[in-house]
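Take a look at the structure set out below.
No lab work stands behind these numbers, since they all come straight from the coordinates. Owing to the predicted nature of the structure, the values given are computational and were not obtained by experimental measurement. Cβ atoms come from the backbone with ideal geometry, glycine included; neighbour counts cover every protein chain shown.
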Amino acid sequence: MALDISKIRNIGIIAHIDAGKTTVTERMLYLSGAKHRVGRVDHGTTDTDDDPEEQERGITIFSACVKYNWNQYSINLLDTPGHVDFTAEVERCLRVLDGAVTVFSAREGVEAQSETVWRQADKYGVPRIVFINKMDREGANFEAVYNDIAPRLGGRPVAVELPVGQGPPHTSDPFRGVIDLVDLKMLEFDPETEGKEVKETDIPADLLDEAMLWREQMLEVVYELNDEAMMLAMDEKPVPREMIVSTLRKGCIEMAIQPVFCGSALHGIGVQPLMTGVGNYLPSPLDRPPVEGFDPKKPDKVLVRKPDVKEPFCGLVFKILPAKTGDNYWIRVYSGELKQNSRVQCPNRDKKENIAQLWQIHASKKERDGQIESVGAGDICCVIGPRFAITGDTVCDTKETIELPSIKFAESVLSMA
Ligand code: GDP
């Protein structure tokens, strides 16, 4: 059965090398219950995939896209290249994701490479939230990084959280939790449980003034983006929580703002609220513009496909991984439904392709070998069977054909999206 599209998030984590992309990924998978231990970059244990069957299929967990659930959301976490030099690879990836988490180091801040990825995400219209990581490091400075985002990246950050303390344990004011500026609560994370246990308390009196100041800054943005909220403020009425979140969500999706979170992925502090933020602020496939392509038989005829299972099927091959049991074709489904044991058209090669098997790779061991019968609009899957398509090609319904802009021409075409 197809998933509720509004609950799907196709996201990537984009970051400067060393900012903590791998550590954030590991922590998210662990906290979602998908993994039972946290892989550690420094221990060389992030690739916990030693399952022989998995190897046989040639699919490693971070090879293309891994699915996990958080709250009511189904998250497809796409692998994004670590090196921005692989521009084609970055383009390909930005093309199929709907939103991104940008990770900065609280110590090193905005670096040259962060500017490159930020601007690429701007160019491809990818809404994002920000995670200021490594708050536990000596010299961590939330405000300095936050203040750099606008002048250096041209972004408009909006803090939805504040750190409680900064720097390593056993110092005078170590980083130990976050203040949620929307709910006005303090969240403390238990390091013994690797960040699984969260204690919600009132904001301590000595932090209240600062928290209210930052909340006011956040609300100013809400008033600016939403007239109804502004009217409430003028009448000195409180703005409901749901209105704050939905206004910031709309602002984020329209790329007017970037909600900012902070934490320490290494110690699991602040990662749960970030995961909730992915659901709250990043777009679902329904929030993205419908895809446009052309009729392969009449190239001047523009066709549009909406993210709806009732539309004719169309999707994009964004990665192909060789495997002994049949190459793995990773497909983002934009419209309609892709079914097992069916045939689809690959207009770029003028060939029909067999869809022999569909897989979804769940981070959870329990669900990982997830062979499925069909996959619906907005979702991502791995297909075994095609032989002709190459990365960037369209696959579509055999009768209602469409050719999506090829990834190779992404720069010119995506400016239309
Ligand atoms: P990537 O290159 O962006 O994938 O970064 P990694 O996840 O590999 O992390 C780079 C280094 O930073 C590793 O040594 C991590 O252990 C370390 N690191 C990542 N997150 C944190 C954090 O929150 N706190 C501290 N102290 N170190 C971290």
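Computed from the C-beta positions of E400 and A150 and an R0 of 45 Å, the FRET efficiency is 0.50 to the nearest 0.05.
Taking 0.36 nm per residue of sequence separation and subtracting the Cα-Cα distance, how much length would be gained by fully extending the chain between N69 and K237, in nm to one decimal?
Numbers: separation 168, 0.36 × 168 = 60.48 nm, distance 3.63 nm.
Here the segment from N69 to K237 would lengthen by 56.8 nm.
Measuring between alpha carbons in the structure, the pairs from K319/K339; K67/K134; K319/K399 lying more than 22 angstrom apart are K67/K134; K319/K399.
Of the residues N226, N280, N71, the one that moves most in a GNM of the chain with alpha-carbon contacts below 10 Å is N71.
Taking the Cα centre of the stretch 317-360 as origin, sum charge times position over the Cβ atoms of Lys and Arg (+1) and Asp and Glu (-1), and report the length of that vector in debye to the nearest 20. The partial results should precede the final answer.
Working: 8 positive and 4 negative charges, 11 e Å.
Dipole size: approximately 60 debye.
Calculate for the chain the 222 nm mean residue ellipticity that helices alone would give, adding -39,500 (n - 2.57) per DSSP H run of length 4 or more and normalising by residue count, nearest 500 deg cm²/dmol.
Values: 11 runs with 113 residues, N = 417.
My calculation for the chain gives -8000 deg cm²/dmol from helical runs alone.
Under 5 Å from the amide H of C65 lie the amide H atoms of D79, each residue being 5 or more positions distant or on a separate chain, with H modelled from the backbone and absent for Pro and chain starts.
Percent antiparallel among DSSP beta bridges with both residues in the chain, to the nearest 5? Mind dumping the intermediate values first?
Details: 57 of 80 bridges.
Once the DSSP bridges in the chain are tallied, antiparallel ones form about 70 percent.
Residue order for H16, H267, fewest other beta carbons within 10 angstrom first, comes to H267, H16.
Under 1.5 on a/c is rounded, so check that first for the stretch 162-297, then, if it is not, pick prolate when a/b is larger than b/c and oblate when it is not; a ≥ b ≥ c are the square roots of the alpha carbon gyration tensor eigenvalues. It is oblate, given that a/c is not under 1.5 and a/b is not larger than b/c. Result for the chain in a Gaussian network model with C-alpha springs under 10 Å: among Q72, Q357, Q371, the largest mean-square fluctuation is at Q72. Counting only cysteine Cβ atoms and a cutoff under 4.7 Å, the chain contains unmatched residues C65, C93, C252, C262, C346, C381, C382.
Given axes a ≥ b ≥ c from the Cα gyration tensor, I'd like to know whether the stretch 244-347 is rounded (a/c under 1.5), prolate (a/b larger than b/c) or oblate.
Working: a/c = 2.95, a/b = 1.54, b/c = 1.91.
Taking the square roots of the gyration eigenvalues as a ≥ b ≥ c, the stretch 244-347 is oblate.
The slack in the chain from D209 to T171, taken as 0.36 nm per residue of separation less the alpha-carbon distance, amounts to 11.4 nm. Under a model in which nothing but the beta-carbon of Lys, Arg (+1) and Asp, Glu (-1) is charged, the stretch 108-258 shows a dipole of about 660 debye around its Cα centre. Between 0 and 90 degrees, the angle of helix 87-96 with respect to the longest Cα principal axis of the chain falls at about 90 degrees. Annotation: the residues D300, D183, D397, sorted from fewest to most other C-beta atoms within 10 Å of their own C-beta, follow the order D300, D183, D397. The residues T325, T401, when put in order of fewest to most other Cβ atoms within 10 Å, stand as T325, T401. For Q258, the amide hydrogen comes within under 5 Å of the amide hydrogens of R156, V158, counting only partners 5 or more places away or on other chains and with H modelled in the peptide plane.
Please build a GNM for the chain, connecting alpha carbons under 10 Å apart, and tell me which residue among M135, M231, M255 fluctuates the most. Evaluated over the chain, the most mobile residue of the options is M231.
Straight Cα distances below 17 angstrom link K352 to the aspartates and glutamates D295, D327, E337, D393, D397, E400, E403, with same-chain residues fewer than 8 positions distant left out.
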